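Structure first, commentary second.
Derivation of every value follows stated rules applied to the coordinates shown; laboratory data play no part. Please read all numbers here as calculations on a predicted model, not as lab measurements. Note: ideal-geometry Cβ built from the backbone for every residue, glycine included; neighbour counts use all protein chains shown.
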Amino acid sequence: MRRAGAETFLFLAAAAAALAADGAAAGVRWAVPASWKPQAARAMRVATYEIPAAPGSEPGECGVFHFGQGQGGSVEENLFRWTQQFEAAAPAKKGEKTVHGLRVHTIDVSGTYLASGGPMTHSQGKKPGYRLLGAIVEAPSGLVFFKCTGPEATIGKSQPDFESLVASLAKAPAARL
């Protein structure tokens with residue numbers, strides 16, 4: 001009996017870990033890269049993940065946002081806003097693709113990041129040598145925004161993880177009552 005209890009506990013612990021490694025919003029779900037660490041809740045965010053630092057660099061972060069159906073601006077407005085958060089930047093690389101039936105718009109831009117402190121707070125100042133990898137998902141219940149920022153080395157090292165997250169995007173099963 002004791003062994004069955006331990007096996008049940010291990011199964012439940014593994015299931016909880018698997019659930020913690022996934023995110024969901026607006027009718028979509030995604031797999032969070034194993035090396036990304038979930039952070040404390042923040043205003044206006046569905047989730048925030050710390051991206052581990054590249055050797056000799058600082059960590060980055062990936063913020064996930066959903067403001068509701070028809071809220072938060074259009075895809076084009078947000079891609080433009082994100083590019084305007086950089087100065088001395090090379091032209092942004094933009095793309096579009098379909099992932100598991102979801103339209104996804106991507107952006108990659110680097111330069112001096114004009115780091116906002118967020119609404120109602122002071123700017124964090126200019127951060128040279130920064131990079132943004134972003135994705136905007138046309139989700140069933142409105143746009144979902146993935147905005148990863150950090151030092152170029154850190155974001156470059158984590159690009160395969162970001163691409164894996166984007167590739168994992170899928171429509172979430174409908175809630176059962």
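For residue 35, what is the net charge nearby, where nearby means another residue's Cβ is under 10 Å from its Cβ and Lys, Arg count +1, Asp, Glu -1? Intermediate results must be reported in sequence, preceding the final value.
Details: positive: 37, 157; negative: 50, 161.
Taking every Cβ under 10 Å from that of residue 35, the sum is 0.
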Taking the alpha-carbon centre of each part, the distance from region 77-97 to region 137-165 in Å is 13 Å
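Compute the Cα gyration tensor for region 71-177, then decide on rounded, prolate or oblate, letting a ≥ b ≥ c be the square roots of its eigenvalues: rounded whenever a/c is under 1.5, prolate when a/b is larger than b/c in the other cases, and oblate in all that remain. Walk me through the intermediate numbers first.
Numbers: a/c = 2.03, a/b = 1.60, b/c = 1.26.
Verdict is prolate for region 71-177.
Work out how much length residue 163 to residue 94 would gain on full extension: take 0.36 nm times their residue separation and subtract the Cα-Cα distance, in nm to one decimal. Mind dumping the intermediate values first?
Values: separation 69, 0.36 × 69 = 24.84 nm, distance 1.39 nm.
Answer, rounded to one decimal: 23.5 nm.
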Can you tell me the FRET efficiency between residue 114 and residue 172 if r is taken as the Cβ-Cβ distance and R0 is 30 Å, rounded to the nearest 0.05? 0.30
Inter-label distance, nm, simple model (7 Å from Cα along the C-beta direction), residue 42/residue 103: 2.8 nm
